[in-house]
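Trainee: What follows is a single structure, and I will ask about it in a moment.
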Amino acid sequence: MTYLFQNYARKDFEIVSGQGVQVQDNFGKNYLDFTSGIGVVNLGHHHKAVEQALQDQARQIWHMPNLYENHLQEQVAQALVGDLGYLGFFCNSGAEANEAAIKLARKATGKSKVVSFINSFHGRTYGAMTATGQAAIHAGFIPLVPDFHYGDYNDFTSLELVDDKTACVMLELIQGEGGVLLADNTWVQALAQRCLETGALLVIDEVQTGMGRTGSLFAFQQFAIEPDIFTLAKGLGNGFPVGAMFGKKELGAAFGPGSHGTTFGGNKLAMAVALAVTETMEAPGFFEEVQETSRLMEKKLDAISSGKIQEIRGLGLMWGIELTSAEVLHETMKALEDQGLLTLRAGERVLRLLPALTITQEEMITGLEMIKGILAD
Ligand SMILES: Cc1ncc(COP(=O)(O)O)c(C=O)c1O
């Protein structure tokens, strides 16, 4: 008996408590969480400073509409982008952030064409879903939003799709859901150049790659590009629902009063949490430690060899182990779960690992040893 739509393939156990990367289910079984709730709980479960910020704000005021000043929104935006020259808009999810990005790009340029990439994932609302380059996700929802076009990722011929009718090009720098596929730096540079030449806005979807996941606050900082627009969600709230869209200051006029909005976006509870998350990540030494953990992860992953592995790839603490088949992936994930390690699928046959950025070296080694053991021939 269920009162819910069956739109998720759920496990038959529930995670009921957690601390860092250690979580426990309703049967009392312990697991190491290498999912971070799909790249959300980047600072680990039950994070002290974040929890304190939420509790403090909960005692003051939870919500007022966006009809009033909101100093917390200003503070979060400043903490995130400093003097990089962006304006922020807060919402509640990744899909909403991308929706805002598409709307801003169309309104600011007066053009309608949107170019995105095969295998991408940008969310489930109509605009974000249409931008998502996966037929399986579109199935049953036709007609989609008009004037969306899909290029091949990392393929220079897709640059030809970007022309003077293009409002924006939207992409992930690592296609997360699509299979942990990394964008090639030269291709990204060429795409950025093509955008400059044609007047198309470059939109980087940092919903999964942002908030420290790849070893820097935003992945684009490692690609030497300056997006016109970028989007955040997932890790921004460490589990509290929040999304954000940032656009270059010059685009500000297109989003004047009445142009776009949301009731809950930038809610005080969400902002108090996002501020604590951002300040935690910007504390001196935070990313040095993340990079050290990332080097350990890479080294340990390199040491795993198995006939079941096709490729291992990733950046920061976002890694994918491409296995030989969907069946091997399914068996591997089940065996890991039985042993007490929670992992994710990406694409058809990629074992995706997104541990919290705060994972200890011991926990990392324990988890990766389990994977090594299971994949041993
Ligand atoms: C890159 C990317 N963009 C957008 C989304 C959609 O975010 P949400 O599920 O919060 O709407 C996701 C979710 O997995 C994502 O990975």
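The values are calculated or read from the model by the stated rules, or taken from the named source; none is laboratory data. Predicted model, so just to flag it, every value in this text is computed and none were measured. With ideal geometry, Cβ positions are generated from the backbone for all residues, glycine too; neighbour counts draw on all protein chains shown.
Here is a yes/no grid of residues against (1) in a loop (DSSP other than H, G, I, E, B); (2) crowded, with 20+ Cβ neighbours inside 10 Å:
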{"residue": "Glu289", "(1), (2)": "no, no"}
{"residue": "Glu298", "(1), (2)": "no, no"}
{"residue": "Gly307", "(1), (2)": "yes, no"}
{"residue": "Ile321", "(1), (2)": "no, yes"}
{"residue": "Val328", "(1), (2)": "no, no"}
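Trainee: If we scan the stretch 258-268, do we find a residue that is surrounded by fewer than 22 Cβ atoms within 10 Å (Cβ to Cβ), in contact (Cβ under 8 Å) with a residue 60 or more places away in the chain and part of a strand (DSSP E or B)?
Mentor: no
Trainee: Out of Gln175, Gln134, Gln189, which single residue is of a type in the set (S, T, N, Q) and crowded, with 20+ Cβ neighbours inside 10 Å?
Mentor: Numbers: Gln134 fails: crowded, with 20+ Cβ neighbours inside 10 Å; Gln189 fails: crowded, with 20+ Cβ neighbours inside 10 Å.
Exactly one of Gln175, Gln134, Gln189 is of a type in the set (S, T, N, Q) and crowded, with 20+ Cβ neighbours inside 10 Å, namely Gln175.
Trainee: Follow-up question, since we're still on this one. Please return the ranges of helices (runs of 4 or more DSSP H) entirely within the stretch 106-221 where 2 or more residues are in contact (Cβ under 8 Å) with a residue 24 or more places away in the chain.
Mentor: Fully inside the stretch 106-221 and qualifying: 126-131, 185-198.
Yes/no matrix, rows are residues, columns are (1) closer than 16 Å to Ala254 by Cα; (2) touching a strand residue (DSSP E or B) at 6+ places or on another chain (Cβ under 6 Å); (3) not polar (S, T, N, Q):
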site: Gly88; (1), (2), (3): yes, yes, yes
site: Asn92; (1), (2), (3): no, yes, no
site: Glu99; (1), (2), (3): yes, no, yes
site: Leu104; (1), (2), (3): yes, yes, yes
site: Lys111; (1), (2), (3): yes, yes, yes
site: Val115; (1), (2), (3): no, yes, yes
site: Phe121; (1), (2), (3): no, no, yes
site: Ala128; (1), (2), (3): no, no, yes
site: Ala131; (1), (2), (3): no, yes, yes
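Trainee: If you don't mind, there's one more thing I want to ask. Out of the stretch 205-255, which residues are more than 13 Å from the ligand (Cβ to nearest atom), crowded, with 24+ Cβ neighbours inside 10 Å and closer than 22 Å to Ala346 by Cβ?
Mentor: Gly212, Asn238
Trainee: Test Ile118 against the criterion of being modelled with pLDDT of 95 or more, within 16 Å of the ligand (Cβ to nearest atom) and in contact with an Asp or Glu (Cβ under 8 Å, 6 or more places away or on another chain), and give yes or no.
Mentor: Against the criterion (modelled with pLDDT of 95 or more, within 16 Å of the ligand (Cβ to nearest atom) and in contact with an Asp or Glu (Cβ under 8 Å, 6 or more places away or on another chain)), Ile118 qualifies.
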